[in-house]
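Student: Following this message is one structure expressed as structure tokens.
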Amino acid sequence: MSGGGRPARSGRSLTAEQEEHIQRLIQDHRPEQLKMDFALWTRAAVMLLIERECSIKLHLRSVGKYLKRWGFTPQKPIRRAYEQSPAAVQK
């Protein structure tokens, strides 16, 4: 008898090689370095990067799942940290 559940990698649109390529680009570059109109890596920016690099269109939710699987987590805006700095708040 075979084990339960889905086969490994089922439901994924990107190959392992494509996943590694996209992860490397995200880690080594900022969006503007890749001639993209984003200041930070957002799901939308990664979605466009995947479409451009791999010719695969993904939904934002799927991009979010890839990012989570790859260990990229959402970050709080820098403004919040700035506001919590006592010296900055005084100014």
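Just so you know, all these numbers are worked out from the coordinates, no wet-lab data involved. Keep in mind it's a predicted model, so treat the numbers as computed, not measured. Glycine gets a Cβ as well: all are built from the backbone with ideal geometry, and neighbour counts include every protein chain shown.
Student: Compute the Kirkwood hydrodynamic radius of the stretch 16-80, taking the inverse of the mean of 1/r over all pairs of distinct Cα atoms, and give it in Å to one decimal.
Tutor: When all Cα pairs of the stretch 16-80 are included, the Kirkwood radius is 12.2 Å.
Student: Based only on other Cβ atoms within 10 Å, what is the fewest-to-most ordering of Val63, Val46?
Tutor: Val63, Val46
Student: Another question, if that's okay. Are there chymotrypsin sites (Phe, Trp or Tyr not before Pro) in the stretch 21-79 that DSSP puts in a loop and that have at most 16 other Cβ atoms within 10 Å, and which ones? Numbers along the way, then the final one.
Tutor: Values: sites: Phe38, Trp41, Tyr66, Trp70, Phe72; in loops: Phe38, Trp41, Trp70, Phe72.
Answer by residue number: Phe38, Trp70, Phe72.
Student: Roughly how many debye, to the nearest 20, is the charge dipole of the stretch 16-80 about its Cα centre, given +1 on each Lys and Arg Cβ, -1 on each Asp and Glu Cβ, and no other charges?
Tutor: Roughly 500 debye, rounded to the nearest 20.
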